[in-house]
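The values are calculated or read from the model by the stated rules, or taken from the named source; none is laboratory data. Values in this document were obtained by computation on a predicted structure and should not be read as measured data. For neighbour counting, all protein chains shown are included, and Cβ atoms are generated from backbone atoms with ideal geometry for every residue, glycine included. These accessible areas exclude ligands, DNA and RNA; they are computed on the full protein's heavy atoms, side chains included. Shrake-Rupley method; radii C 1.70, N 1.55, O 1.52, S 1.80 Å.
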Amino acid sequence: MTTQTVTRQCGCETNFDTTGLAPFQLKDKQTFFERTKCPRCDPKLKAKNDRERAAFQAQALAEAQEAEERAGYEALRGSPKQVSWATKVRVQLIQAAFEALGLEETEFNTAVGDPAGRIDSASWWIEHRETAPEDLPAAIAEALGTSASGNENPF
(Lines give C-alpha, C1' and ligand atoms only; values in the text may rest on other atoms or scores of the structure.)
Protein backbone atom coordinates (compact mmCIF):
# COMPACT_ATOMS: atom_id res chain seq x y z
CA MET A 1 0.00 0.00 0.00
CA THR A 2 1.33 3.40 -0.99
CA THR A 3 0.16 6.47 0.90
CA GLN A 4 0.48 10.18 0.49
CA THR A 5 0.16 12.91 3.13
CA VAL A 6 -1.72 16.10 2.33
CA THR A 7 -2.27 19.21 4.46
CA ARG A 8 -5.95 20.07 4.51
CA GLN A 9 -7.55 23.52 4.51
CA CYS A 10 -7.86 23.38 8.30
CA GLY A 11 -4.14 22.64 8.74
CA CYS A 12 -4.60 18.99 9.70
CA GLU A 13 -2.73 16.32 7.79
CA THR A 14 -4.51 13.45 6.05
CA ASN A 15 -2.93 10.25 4.80
CA PHE A 16 -4.65 8.55 1.89
CA ASP A 17 -4.04 5.39 -0.08
CA THR A 18 -2.74 6.01 -3.60
CA THR A 19 -2.56 2.36 -4.64
CA GLY A 20 -4.06 1.83 -8.08
CA LEU A 21 -4.89 5.48 -8.72
CA ALA A 22 -4.26 6.90 -12.17
CA PRO A 23 -2.28 10.18 -12.20
CA PHE A 24 -5.40 12.29 -12.79
CA GLN A 25 -7.23 10.48 -9.95
CA LEU A 26 -4.30 11.08 -7.63
CA LYS A 27 -4.27 14.80 -8.48
CA ASP A 28 -8.08 15.05 -8.04
CA LYS A 29 -7.94 13.36 -4.66
CA GLN A 30 -5.02 15.49 -3.52
CA THR A 31 -6.80 18.68 -4.62
CA PHE A 32 -9.99 17.61 -2.86
CA PHE A 33 -8.17 17.07 0.44
CA GLU A 34 -6.26 20.35 0.13
CA ARG A 35 -9.50 22.30 -0.40
CA THR A 36 -11.56 20.70 2.39
CA LYS A 37 -11.44 20.48 6.15
CA CYS A 38 -10.94 17.21 7.98
CA PRO A 39 -13.94 15.54 9.68
CA ARG A 40 -12.78 16.76 13.12
CA CYS A 41 -12.70 20.39 11.99
CA ASP A 42 -15.78 20.43 9.73
CA PRO A 43 -18.94 20.33 11.87
CA LYS A 44 -21.17 19.27 8.95
CA LEU A 45 -18.91 16.38 7.99
CA LYS A 46 -18.56 15.36 11.64
CA ALA A 47 -22.36 15.38 12.05
CA LYS A 48 -22.75 13.25 8.92
CA ASN A 49 -20.12 10.78 10.13
CA ASP A 50 -21.81 10.65 13.55
CA ARG A 51 -25.20 9.91 11.93
CA GLU A 52 -23.69 7.16 9.78
CA ARG A 53 -21.93 5.63 12.79
CA ALA A 54 -25.15 5.72 14.83
CA ALA A 55 -27.10 4.06 12.01
CA PHE A 56 -24.45 1.35 11.70
CA GLN A 57 -24.51 0.73 15.47
CA ALA A 58 -28.32 0.59 15.49
CA GLN A 59 -28.30 -1.97 12.68
CA ALA A 60 -25.69 -4.11 14.44
CA LEU A 61 -27.72 -4.01 17.65
CA ALA A 62 -30.95 -4.94 15.85
CA GLU A 63 -29.24 -7.93 14.22
CA ALA A 64 -27.79 -9.07 17.54
CA GLN A 65 -31.18 -8.72 19.27
CA GLU A 66 -32.83 -10.79 16.54
CA ALA A 67 -30.21 -13.51 16.95
CA GLU A 68 -30.71 -13.56 20.72
CA GLU A 69 -34.48 -13.72 20.32
CA ARG A 70 -34.22 -16.66 17.89
CA ALA A 71 -31.93 -18.47 20.34
CA GLY A 72 -34.22 -17.78 23.30
CA TYR A 73 -31.58 -16.09 25.43
CA GLU A 74 -32.49 -14.34 28.65
CA ALA A 75 -32.62 -10.55 28.56
CA LEU A 76 -29.46 -8.91 29.81
CA ARG A 77 -29.36 -6.89 33.02
CA GLY A 78 -27.44 -3.62 33.27
CA SER A 79 -27.63 -0.02 32.17
CA PRO A 80 -29.06 0.62 28.69
CA LYS A 81 -25.56 1.32 27.36
CA GLN A 82 -24.17 -1.88 28.91
CA VAL A 83 -27.07 -3.96 27.57
CA SER A 84 -26.60 -2.56 24.07
CA TRP A 85 -22.88 -3.30 24.09
CA ALA A 86 -23.15 -6.69 25.78
CA THR A 87 -25.87 -7.84 23.38
CA LYS A 88 -23.48 -7.42 20.46
CA VAL A 89 -20.58 -8.94 22.40
CA ARG A 90 -22.57 -12.03 23.42
CA VAL A 91 -23.70 -12.78 19.88
CA GLN A 92 -20.23 -12.21 18.43
CA LEU A 93 -18.55 -14.44 21.02
CA ILE A 94 -21.05 -17.24 20.58
CA GLN A 95 -20.81 -17.09 16.78
CA ALA A 96 -17.00 -17.12 16.96
CA ALA A 97 -17.08 -20.11 19.33
CA PHE A 98 -19.46 -21.98 17.03
CA GLU A 99 -17.09 -21.49 14.10
CA ALA A 100 -13.94 -22.28 16.10
CA LEU A 101 -15.12 -25.35 17.99
CA GLY A 102 -16.46 -27.23 14.96
CA LEU A 103 -19.25 -28.94 16.88
CA GLU A 104 -22.59 -30.02 15.44
CA GLU A 105 -25.32 -27.48 16.16
CA THR A 106 -27.15 -29.55 18.79
CA GLU A 107 -23.89 -30.47 20.52
CA PHE A 108 -22.80 -26.81 20.47
CA ASN A 109 -26.13 -25.62 21.87
CA THR A 110 -25.91 -28.12 24.72
CA ALA A 111 -22.31 -27.25 25.58
CA VAL A 112 -22.21 -23.52 24.85
CA GLY A 113 -25.28 -21.89 23.32
CA ASP A 114 -27.93 -22.77 25.88
CA PRO A 115 -25.70 -22.15 28.93
CA ALA A 116 -24.54 -18.83 27.43
CA GLY A 117 -28.16 -17.75 27.12
CA ARG A 118 -28.56 -18.12 30.88
CA ILE A 119 -25.85 -15.57 31.69
CA ASP A 120 -27.88 -12.39 31.95
CA SER A 121 -25.25 -10.02 33.36
CA ALA A 122 -24.29 -7.43 30.75
CA SER A 123 -21.13 -6.66 32.69
CA TRP A 124 -20.04 -10.32 32.55
CA TRP A 125 -20.18 -10.30 28.76
CA ILE A 126 -18.37 -6.98 28.55
CA GLU A 127 -15.63 -8.19 30.90
CA HIS A 128 -15.22 -11.38 28.83
CA ARG A 129 -15.41 -9.72 25.40
CA GLU A 130 -11.86 -10.75 24.54
CA THR A 131 -12.23 -14.37 25.58
CA ALA A 132 -10.81 -16.71 22.97
CA PRO A 133 -13.57 -18.74 21.27
CA GLU A 134 -11.96 -21.98 22.47
CA ASP A 135 -12.03 -20.72 26.07
CA LEU A 136 -15.67 -19.59 26.04
CA PRO A 137 -17.19 -22.94 27.18
CA ALA A 138 -14.97 -23.01 30.29
CA ALA A 139 -15.69 -19.35 31.09
CA ILE A 140 -19.42 -19.96 30.79
CA ALA A 141 -19.24 -23.09 32.95
CA GLU A 142 -17.32 -21.17 35.58
CA ALA A 143 -19.85 -18.32 35.53
CA LEU A 144 -22.73 -20.76 35.97
CA GLY A 145 -20.94 -22.62 38.75
CA THR A 146 -20.51 -25.87 36.85
CA SER A 147 -17.47 -27.67 35.54
CA ALA A 148 -16.98 -28.32 31.86
CA SER A 149 -18.56 -31.76 32.35
CA GLY A 150 -21.75 -30.18 33.72
CA ASN A 151 -21.25 -31.24 37.35
CA GLU A 152 -21.96 -28.85 40.16
CA ASN A 153 -19.05 -26.75 41.32
CA PRO A 154 -18.01 -28.05 44.75
CA PHE A 155 -16.74 -24.64 45.90
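Points worth noting:
- Between helix 23-35 and the chain: long-axis angle, C-alpha atoms, 0 to 90°, nearest 10: 90
- Pairs with C-alpha atoms separated by more than 27 Å, drawn from the list Lys37/Lys88; Lys37/Lys81; Lys46/Lys81; Lys29/Lys88; Lys48/Lys81, are Lys37/Lys88; Lys37/Lys81; Lys29/Lys88.
- Charge dipole magnitude, Cβ of K and R +1, D and E -1 - the chain, Cα centre, debye nearest 20: 1480
- Inter-site label distance for Glu142 and Arg118 at 7 Å from Cα along Cβ, in nm: 1.8
- Answer label for Cα Rg over 2.2 N^0.38 Å (calculated), chosen among (1) 1.22; (2) 1.52; (3) 0.92: (2)
- Placing a label point 7 Å from the Cα of Lys44 along the Cα-to-Cβ direction, the residues of segment 1-16 with a backbone N closer than 17 Å are 9-10.
- Restriction of the GluC sites (Glu not before Pro) in segment 54-120 to DSSP coil positions whose beta-carbon has at most 13 other beta-carbons within 10 angstrom yields Glu74, Glu104.
- Probing with 1.4 Å while keeping every protein chain in the model, the per residue accessible area of segment 1-135 equals 67 Å².
- Solvent-accessible surface (1.4 angstrom probe) belonging to Thr2, in square angstrom, nearest 10: 80
- FRET efficiency for Phe32 and Glu127, using Cβ-Cβ distance with R0 set to 41 Å, rounded to 0.05: 0.40
- Dipole orientation for the chain: of the candidates Asn109, Phe24, Gly145, Phe24 has the Cα lying most toward the positive pole (charges on Cβ; Lys, Arg +1; Asp, Glu -1).
- Counting only protein heavy atoms and a probe of 1.4 Å, the accessible surface of the chain is 51% carbon and sulfur.
- For segment 17-76, the residue among Pro39, Tyr73, Gln59 whose Cα projects farthest onto the positive side of the dipole built from Cβ charges is Pro39.
- Relative to the longest principal axis of the Cα atoms of the chain, the long axis of helix 43-71 makes an angle of roughly 20 degrees.
- Segment 100-144-segment 33-97 distance, computed between alpha-carbon centres (Å): 21
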